[in-house]
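Engineer: Next up is a structure, given as structure tokens.
No lab work stands behind these numbers, since they all come straight from the coordinates. Source: prediction; values computed, not measured. Note that we place each Cβ from the backbone using ideal geometry, even for glycine, and neighbour counts take in every protein chain shown.
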């Protein structure tokens, strides 16, 4: 089966599979493994200490792969300037930049005129249309099933993806609830040109920063094992259910606001859980229910492509 799509042509990759930004987890080991396996790996710029660390990680990816890779900028979630980090990506001539969690215009303006391809994560049709208007080369549309930060409307990937496909002329990448070959084929059937996966790539060998407890929780999860927190702040996000997220939801019911939630939802609480399995929270989409093992990235992508090709053959 030929896997050439507008996304593979745009990004210069073999398979239309993109690894999500994965705050505090997407560093050179994971990014290079995804790119070497035929997808697009990404680094998580805004989880890094500063420009020097980002430059070092970009150069480390280049030592590990000759394939294209991207740098993700989660500009709305970290509360610090990002321009110096974007400049590093420009200076290092990375092939792809993706923007999540905020207004993409400043980033798109900075890379305009370069050879860098730009992807923008959206959670609504109107956001996709705006991203195209601002010059994004492609949009990644995340449905309500996804892990991490979501849109304010509870619209699933199955409905949202074709809505966006019918509304923009740039390539569309589906995200949310996708973790295997069936999900890949479903996305393509909806008119998407590729997929983005976050949660599924956490449960891989090369996502070595993710602790064993976090990965085991993903394996143990069922379709009801996640909760959407931070609705009261109008920044809903999906995480694995545990006593910590239960407490967050209870505090939200009490109306404590950002100040009352701050210590529960910050990066420290996130890293405590995902790195060490201690008190805190870990992002995860509903696709966690479909995760049953921790393969290498290469094994995962090879398996996905095999599943997808079997499905395609059964349609003949």
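Engineer: With contacts defined as alpha carbon pairs under 8 Å and 6 or more residues apart, what's the relative contact order of the chain in percent? All intermediate terms of the calculation are to be shown ahead of the outcome.
Structural biologist: Values: 676 pairs, mean separation 51.4, N = 316.
Computed value for the chain: 16 percent relative contact order.
Engineer: Report, to two decimal places, the Cα Rg of the range 5-82 normalised by 2.2 N^0.38 Å (N = number of residues).
Structural biologist: Values: Rg = 12.4 Å, N = 78, 2.2 N^0.38 = 11.5 Å.
So the range 5-82 has a normalised radius of gyration of 1.08.
Engineer: Next question, about the same structure. Output needed: percent of Cα pairs per 10 Å distance bin for the range 159-284, bins running from 0 to the one holding the longest distance.
Structural biologist: All Cα pairs considered, the percentages come to 12, 35, 30, 21, 2.
Engineer: Another question, if that's okay. Would you mind ranking 241, 234 so that the residue whose beta carbon has the fewest other beta carbons within 10 Å leads the list? All intermediate terms of the calculation are to be shown ahead of the outcome.
Structural biologist: Working: 241 18, 234 7.
Listed from fewest to most nearby Cβ atoms, that is 234, 241.
Engineer: Just want to confirm a number: the relative contact order over the range 210-316, from Cα pairs under 8 angstrom separated by 6+ residues, in percent. Don't skip to the answer; put the middle values down first.
Structural biologist: Details: 127 pairs, mean separation 36.1, N = 107.
So the answer I get is 34 percent.
Engineer: Quote the FRET efficiency, to the nearest 0.05, computed for residue 222 versus residue 314 with a Förster distance R0 of 45 Å and r equal to the Cβ-Cβ distance. Please report the intermediate quantities before stating the final value.
Structural biologist: Numbers: r = 27 Å, r/R0 = 0.61.
Result of the calculation: an efficiency of 0.95.
Engineer: Ranked highest first by average number of other Cβ atoms within 10 Å, how do 167-178, 15-26 line up? Write down the numbers at each step before the final one.
Structural biologist: Numbers: 167-178: 23.8, 15-26: 26.1.
The packing order, highest mean first, is 15-26, 167-178.
Engineer: If packing is taken as the average number of other Cβ atoms within 10 Å across a peptide's residues, how do 117-125, 129-137, 36-44 rank, most packed first? Before the final figure, lay out the partial values.
Structural biologist: Details: 117-125: 24.0, 129-137: 18.6, 36-44: 26.3.
Going by the mean number of other Cβ atoms within 10 Å, highest first, we get 36-44, 117-125, 129-137.
Engineer: As a check on your grasp of the helix formula, calculate [θ] at 222 nm for the chain: sum -39500 (n - 2.57) over DSSP H runs of n ≥ 4, divide by the residue count, round to the nearest 500. All intermediate terms of the calculation are to be shown ahead of the outcome.
Structural biologist: Details: 14 runs with 135 residues, N = 316.
Rounded to the nearest 500, the figure is -12500 deg cm²/dmol.
Engineer: Considering every Cα-Cα pair within the range 19-125, what fraction, in whole percent, is farther apart than 20 Å?
Structural biologist: Details: 1698 of 5671 pairs.
For the range 19-125, the share of Cα pairs beyond 20 Å comes to 30 percent.
Engineer: Quick one: length gained pulling residue 4 to residue 189 fully straight, 0.36 nm per residue minus the C-alpha distance? Kindly include the intermediate steps, with their values, before the conclusion.
Structural biologist: Values: separation 185, 0.36 × 185 = 66.60 nm, distance 1.47 nm.
Extending this stretch completely gives an extra 65.1 nm.
Engineer: Taking each pair of distinct Cα atoms in the range 213-316 once, what is the resulting Kirkwood hydrodynamic radius in Å?
Structural biologist: Values: mean 1/r = 0.0648 Å⁻¹.
Its Kirkwood hydrodynamic radius stands at 15.4 Å.
Engineer: Hey, another quick one. Between the range 111-148 and the range 41-67, how far is it from one alpha carbon centroid to the other, in angstrom?
Structural biologist: Value for the Cα centre distance between the two parts: 21 Å.
Engineer: Let me ask you something else. At 25 °C and 0.890 mPa s, what whole-number value in µm²/s does Stokes-Einstein give for the translational diffusion of the range 66-200, with Rh from the Kirkwood sum over Cα pairs? Walk me through the numbers before you get to the answer.
Structural biologist: Numbers: Rh = 15.0 Å.
This corresponds to a translational diffusion coefficient of 163 µm²/s.
Engineer: Do you know the relative contact order of the range 112-209, to the nearest whole percent, from alpha carbon pairs under 8 angstrom that are 6+ apart? Could you put the intermediate results ahead of the total?
Structural biologist: Values: 175 pairs, mean separation 22.8, N = 98.
Relative contact order comes out at 23 percent.
Engineer: What Kirkwood hydrodynamic radius do you get for the chain when you take the inverse of the mean 1/r over all pairs of distinct Cα atoms, in Å?
Structural biologist: Values: mean 1/r = 0.0518 Å⁻¹.
In the chain this quantity evaluates to 19.3 Å.
Engineer: Give the distance, in whole Å, between the Cα centre of the range 283-298 and the Cα centre of the range 204-251.
Structural biologist: 13 Å
Engineer: Further, regarding this structure: Over the Cα atoms of the range 226-276, Rg to Rh with Kirkwood Rh, two decimal places? Walk me through the numbers on the way to the answer.
Structural biologist: Numbers: Rg = 10.3 Å, Rh = 11.0 Å.
Over the Cα atoms of the range 226-276, Rg/Rh equals 0.93.
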